[in-house]
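Values in this text are rule-based calculations from the coordinates and carry no lab data. Values in this document were obtained by computation on a predicted structure and should not be read as measured data. Positions of Cβ are backbone-derived with ideal geometry, glycine not excepted, and every protein chain shown enters the neighbour counts.
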Amino acid sequence: MTPDLTTTYLGLRLRSPIVASASPLTSNLESLQELERHGIGAAVLPSLFEEQIEHEQIDVHELLEHQTHSFGEATTWFPELEDYSTGPEAYLEHLRQAKAALAIPVIASLNGVSPGGWLRYARLCEDAGADALELNVYAVETDVDVSAVDVEARTIRLVREVREAVSIPLAVKVGPFYTAFAHMAAQLSDAGADGLVLFNRFLQPDIDLETLEISPWLALSTPAELRLPLRWIAILRGRVRVSLAATTGVHDWQSALKLLLAGADVVMVASAALARGPSVMADLGAGLRTWMTEREYASVEQLKGSLSQASCPDPAAFERGNYMRALVSYAPSPEAGPTSTSNRGIER
Amino acid sequence: MGMGGRATIDGNEAVAWVAYRASEVIAIYPITPATSMGELADTWSSQGVPNNWGAVPQVIEMQSEGGAAGAVHGALQAGALATTFTSSQGLLLMLPNMFKIAGELTSAVIHVAARSVATHALSIFGDHSDVMAARSTGFALLCSSSVQEAQDLALVAHAATLRTRIPFLHFFDGFRTSHELNTIERLGEDDVRALLDDDLVAAHRARALTPDHPVLRGTAQNPDIFFQAREAANPFYAVIPAVVQEEMTRLAERTGRPYRLFDYVGHPEAERVLILMGSGAGAAEEAVERLCENGERVGLVKVRLFRPFDADAFIATLPAAVSHIAVLDRTKEPAAQGEPLFQDVVTALAETSSEMPRVIGGRYGLSSKEFTPAMAAAAIAELERPDPKRRFTVGITDDVTHLSLKVDTSFTTEPKDVVRAVFYGLGADGTVGANRNSIKILADSAGLFGQGYFVLDSKKAGSMTVSHLRFGPQPITSTYLVQNADFVACHQFGFLDRVDILERAAEGATLLLNAPYGPDDVWDHLPAEAQREIIAKHLRLFVVDATSIALEAGLGKRVNTVLQTCFFALADVVPLEQAIDAIKNAIRSTYSKRGEAVLERNFAAVDRALEGLAEVTVPAKASSARERRALVPAHAPAFVREVTEQMIAGAGDALPVSALPIDGTFPTDTAKYEKRSIGLEIPIWDPSICIDCAKCALVCPHAAIRMKVFPPEALAGAPEDFLSKEWKARDLPGMLMTIQVAPEDCTGCGICVEICPAHSKEEVRHKSINLEPKTDHLEVERERYEFFLEIPEIDRALVAPGTVKGSQMLQPLFEYSGACEGCGETPYLKVLTQLFGDRLLIANATGCSSIYGGNLPTTPWSQNPDGRGPAWSNSLFEDNAEFGLGMRLANDQQAAAARILVSEVAPDLAPEILEADQTTESGIAAQRVRVATLESRCRDLDTPEARRLLSLAGGLVRKTVWIVGGDGWAYDIGFGGLDHVLASGRDVNLLVLDTEVYSNTGGQASKATPRAAVAKFAAGGKRTRKKDLGMIASAYGDVYVAQIAMGADNPQTVKALAEADAYTGPSLVIAYSHCIAHGIEMKKGMEQQKLAVDTGYWPLYRYDPRHSHAGEHPFRLDSRAPKLPVSDFMSREARFAMLARARPADAAELAKLAQYDVDERWHVYEQMAEIEHEAETATEEES
């Protein structure tokens, strides 16, 4: 019997736990369709960035207004175009087209800056037909006067307000940098989130040694990054009543399987598909099926969370003890660096 | 689009709408002040707006007005209803076709925003000299004197031409009518339909050329019949006045607005009558009304149909009692008995009246010279004198031929129920845009009639704008600047030190200042003159820190929204709450397309504006010790102090005739006296990390950051903290160098800082030059700069001029121009003057470069300490290559004549002079010495031959001719001439400052515009490729061709210019020039140039015929194969990026083609680089 890969995420029934996360592949209709052909359960569109929209509107405005009505021979410098979009229309149009073209659920993603912006764009995404909404809570808080309590409270309030504003399922994608992440997760759940996406990866600056300039940088994830979501999904599974999505570091079926075993409802994949093409998705599904068939698992539902902290034989392994074991088992050698397939992860 | 009802629009829009509805083919070409008519037609066409018959007119941009007229002629001949819009030189280029169109009895209308024809100088402003040059074409000439009339009579013209078969030239005054915003009653589509008779349209079409019933038109005729055939058209002219009157009457029946061929206003038994046409009628009518109220028997005849001049209708219009007539012409016809309207009036009276009234003729309003009711009254008053001037001028002081009339400036007629406001703003602060909105708000929400006229600067950066607004319960017909303003706003505090902004304030007026001070301390910061005027005129003074409020609201420098709100609060024309709602609605309708963020920031500015508004208690006495500073220094030449300073101060109207050059010849080297001090931040040099690269000086568009290399002893007497450092290059051991900013000439554009490659090791963002607030550095840098200028210029023989560093050691002779901040053109011109400025003749095509180069009061073309420098002239737009070639021919001819005479007059000096090597700086310097000796010898000899040689000897020193212009000239209107000059083999150099659009008129597409760019006349993105001018030129084989981009490869730029000059045949250098019409942050201009080259958008190359020999490759690619997709370049410029937001599918398709263009061109160029080309090098043709 072919194992049943269906899973439930945010209350949506998905044909597979392999979900395409936001990437250039989901910003393009053709590649979205190709991803669907390769068996994904759902697709998350790239984030609609309120800050970018605002920035662009101001930029365009300033360029068009620059030096107008100041010189006798030329009062303007550009033709007034009848209609142009510096707002969310292009994004919403892409969402509408994706919905029309795909059978799988389409999840919109949103990164706001102002309370009004979050709500406005959330409603627009819902109206455009999104099956669910992922709130991409992404901010680098640099103000020394703003405390962690303030930041958390703001995030919780935001989730509550969006929850009230829309009726489609709501996922919240957060970063890992919370002192008490479990508590934060519980609060997000209480505020109305239907799911948590773990974890956001931040654009990280780099230094160009040639030009001595700072360059924003987002490297594709590496298999090693899997550990962080793996731990927290395992810990949260059963402790919060929300769907859990693992994102980051899923490069092969083994990683996907580990995350499911730890308790993820879905695993989200971007880097691997970008690096190796949309057919990776099919490979992941095939890998899962083969392993499940060999081990006689009937369904994903059956294995989901079977190695969560609550269900695993050694719960402490997800806590501090893990560190100790890693140290004692660490045996450096030229070949024996940490690899993606090694079961004995090394935390450094 | 107009659907009837009331609207506040300008004359151009009013006319363009009618012309668009009434036309099928519209051929256009940009020219100030007619440009916006073509722009609107093009926009409507691209939006699919239909004409009267439900079809969308075809609008096509041509390569010149001559081309537009040709296309119109062809369209008419093939049966379309065709029109065009133009002005000035544009109309002159249409004349040949106009004779044909009229001679063929073809229904057509040309709408003209009347503008001065260039004579001793170009002027973009209004008068009738262009229209008068078209009198003999056979077109009927119909004149409108207001925005309302311009709309109405435009339709009369279209209707009458269909009925009469005679083409009409419909004209109205440039700027005063074309650009004046006025609340008018709009015509509706049904009005247009009613007046354009479909049967007549069908008749027009039936006369068209078609192979279905072929005819021959455009024959060549001989003495036997030409004359008779010409007379055959007479009956068609005879009926025109009656037809025009009938169409006017039909229009009046529909609209209630009556017009006559000649309209009379004034006393029914007037004895003294004024006659004029155009916008001056508004001012004249007010004068006549006031004089009649005072009991005088005076009147005014407004001429509408000038040609054919209907003498009977004219005589019938005159009151029977008239005994004295003054005719005012807005044109000058030197050497004529009188100006054209005067002559027609005299002829009509002489032929039809038994008792000839006394008629005098005067000129007024040339080049938009103000024409006020007081001036009209002066003309009427002249008629009362026992011996009035037969010919006169009014509005100026003529102290040479004493033709001018005295004007009683206390005579004013401003209506009592009209609110008048004047606003002084900076180009960048949005004042004019806000005022345009305010007029519409008051017209729409308060039911008032409004008028707005905007006096804009001729400087592109840091320009001052003055907005003149009127509001009232009746239509506003005051066609002159506001004189007694109830409200004066100064949007830039610094203006108080430069101009007398209170001059126009009425007694008891309200004054609003945008100041960085509060109500308690602003008074102490006012100059004494302003304090005295505020007290004397009992002004109410209000202050607001709009700059801070705008900044906090995220609006940058645009203080307009804040100050507009304050205006409504103070002007009290409508209740404040209603006004605020109306302002917000206006913001929404103006900016809704721009997005929520833009709306929210403007709304925030409105909401916060009034919090900062406060009234200032005006003290009883002026207390300021600070008077306005003199605008030019005391050491300036007399002409600059006596004439130029007046112009800088905005007081040029007061200059008498005697103050001005008789032939348009002005001194160069004057921009340095106009310290505009517009930069808020200026670059400050840190010598400790400078690497002597000279790039900052090279790229500075304003020559405001400079480099000098000098021996240590030159520092004797330097200010204590004058900065210098060791010059590290080995070419000049022991020398020092300084990079110095000209603090009051810098615009703060930041291009120099962007290009500076030297970073501090400790703090990377700190460069060798950094923008810092000017106020912190002004005094010190001013003193340093003064000393810097005193440091002797380096001996030109010591430097390698064909290098970046070498060129920047040399004195720039193009400085402090009024070009845009960060201009991409001016750095090329500046380096040209560094390389060859002391022997440079420049022919400059009309366009940006002729404006920032030659628009008074001052010029950036300057002189070296020996008094040598570029000699510059602008002839026209279309003829520049030929104009420059003429300069070359004259120089060559003089040199040839001198060479013959040298042997006769000074045989001992002849060999050295005639054999001199002038290919190097030292060779030229040596020749100058020899020629000086020769000239001295000639003076001593004083024989006829010696005297002749003396006048020619200068030609023995090599002169270099550069023919400079933009892409509009080189690719379009001047291409025929450019091509001919390239083919001439002569030693001329052509520099094309390629901004890829018509920059000066506001960014219309040229044939240099690249595919996929949005430009005016290509609103949907240009669909065709950019013309490859360089390849066309290189096909000649003997033309040196280079394509350069300073920001990408500055050594190649300098090298190409030097090579072009050295090459003794024709050279063409095409220089990529970033431009505000590209929609970029201007300080990033050089970065964009680099990206243009790195993506293959703008390949760099040099084609040097001197390498056209077997085994050599004349074509050399100087840039590397594209390493980035062209989208990386395009996505950073609004001209491309806009399209992706407006028409994503089109944009994607065009972007693909743009990449194809790049790939394809690179492919071809690579093959070019491989070819061996045996071509003859330039040999000058014997003539």
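Of note:
- Virtual spin-label span in nm between residue A:203 and residue B:765, 7 Å along Cα→Cβ: 1.7
- Other protein chain C-beta atoms within 10 Å of residue C-beta, averaged over B:754-765: 1.
- Pairwise label distance in nanometres, residue B:99 with residue B:416, each label 7 Å out on the Cα-Cβ vector: 5.8
- In percent, rounded to a whole number, the relative contact order of the stretch A:111-244 is 22, using alpha-carbon pairs under 8 Å and six or more apart.
- Volume per residue of the convex hull around the Cα atoms, evaluated for the stretch B:960-1170, comes out as 109 Å³.
- Hydrodynamic radius (Kirkwood) for the stretch B:260-394, which is based on Cα pairs only, to one decimal in Å: 14.5
- Taking a straight line from the alpha carbon of residue B:1027, these aspartates and glutamates sit under 15 Å away, with near neighbours fewer than eight places off in the same chain left out: B:967, B:972, B:979, B:994, B:996, B:1157, B:1160.
- Residue by residue along B:1139-1149, Cβ atoms of other protein chains within 10 Å of the local Cβ number 3 on average.
- In the frame of its principal axes, the stretch B:510-572 has Cα extents of 38, 26, 17 Å, reported largest first.
- Shape analysis of the protein assembly as shown yields a ratio of the Cα radius of gyration to the Kirkwood radius, Rg/Rh, of 1.01.
- Test item: B:598-606 mean partner chain Cβ contacts at 10 Å: 2
- Over chain B, Cα pairs under 8 Å with separation of 6+ residues give a relative contact order of 6 percent.
- Compactness of the stretch A:41-128 as Cα Rg over 2.2 N^0.38 Å, two decimals: 1.43
- Of the trypsin sites (Lys or Arg not before Pro) in the stretch B:697-796, the ones in a loop by DSSP (not H, G, I, E or B) with at most 14 other beta carbons within 10 Å are B:728, B:730, B:761, B:765.
- Over the stretch B:882-956, relative contact order from alpha-carbon pairs under 8 Å, at least 6 apart, %: 41
- Sum of side-chain charges, residue B:360 neighbourhood, beta-carbon under 9 Å (Lys, Arg +1; Asp, Glu -1): +3
- Contour excess over end-to-end distance, with Cα ends at residue B:716 and residue B:1170 and 0.36 nm allotted per residue: 157.9 nm
- Our note on the geometry: Cα centres of the stretch B:634-648 and the stretch B:411-426, 31 Å apart.
- The Kirkwood radius of the stretch A:7-305, taken over pairs of alpha-carbon atoms, gives through the Stokes-Einstein law at 20 °C and 1.002 mPa s a diffusion coefficient of 105 µm² s⁻¹.
- Two-site FRET efficiency, residue B:866 against residue B:688, from Cβ-Cβ distance with R₀ of 30 Å, rounded to 0.05: 0.25
- Working note: 222 nm ellipticity from helices only, DSSP H runs with n ≥ 4, each -39,500 (n - 2.57), summed and divided by the residues of chain A, gives -12000 deg cm²/dmol to the nearest 500.
- Only one residue of A:240, A:125, A:199 has its Cα farthest out toward the positive end of the dipole of chain A, where Lys and Arg carry +1 and Asp and Glu -1 on Cβ, and that residue is A:240.
- Reach of residue B:332 by Cα under 17 Å, taken over lysines that are not fewer than 8 positions away in the same chain: B:369, B:389
- Backbone N within the stretch A:103-124 under 20 Å of label point (7 Å from residue A:51 Cα along the Cβ vector): A:109-122
- Residues of type lysines that residue B:805 reaches as a straight line, Cα spacing below 23 Å, ignoring anything fewer than 8 places off in the same chain: B:695, B:708, B:725, B:728, B:767, B:830, B:1055, B:1083, B:1084, B:1090
- Modelled FRET efficiency - R0 51 Å, residue B:354 with residue B:577, Cβ distances, 0.05 increments: 0.15
- Alpha carbon centroid spacing (whole Å) that separates the stretch B:904-942 from the stretch B:352-389: 60
- Residue-averaged [θ]222 nm for chain B, counting only DSSP H segments that reach four residues, each worth -39500 (n - 2.57): -11000 deg cm²/dmol
- The charge dipole of chain B, taken about the Cα centre with unit charges on the Cβ atoms of Lys, Arg (+1) and Asp, Glu (-1), comes to about 1120 debye, rounded to the nearest 20.
- Ranked by how many other beta carbons lie within 10 Å on average, peptides B:435-443, B:552-560 from highest: B:435-443, B:552-560
- C-alpha center-to-center spacing [the stretch B:1-69, the stretch B:790-817] in angstrom: 50
- Positive minus negative residues near residue B:1014 (Lys, Arg vs Asp, Glu; Cβ under 9 Å): +3
- Sites residue A:286 and residue A:29, calculated FRET efficiency, Cβ-Cβ separation with R0 30 Å, nearest 0.05: 0.75
- Long-range HN-HN contacts of residue B:990 with modeled amide H, under 5 Å: B:963, B:1067, B:1068, B:1069
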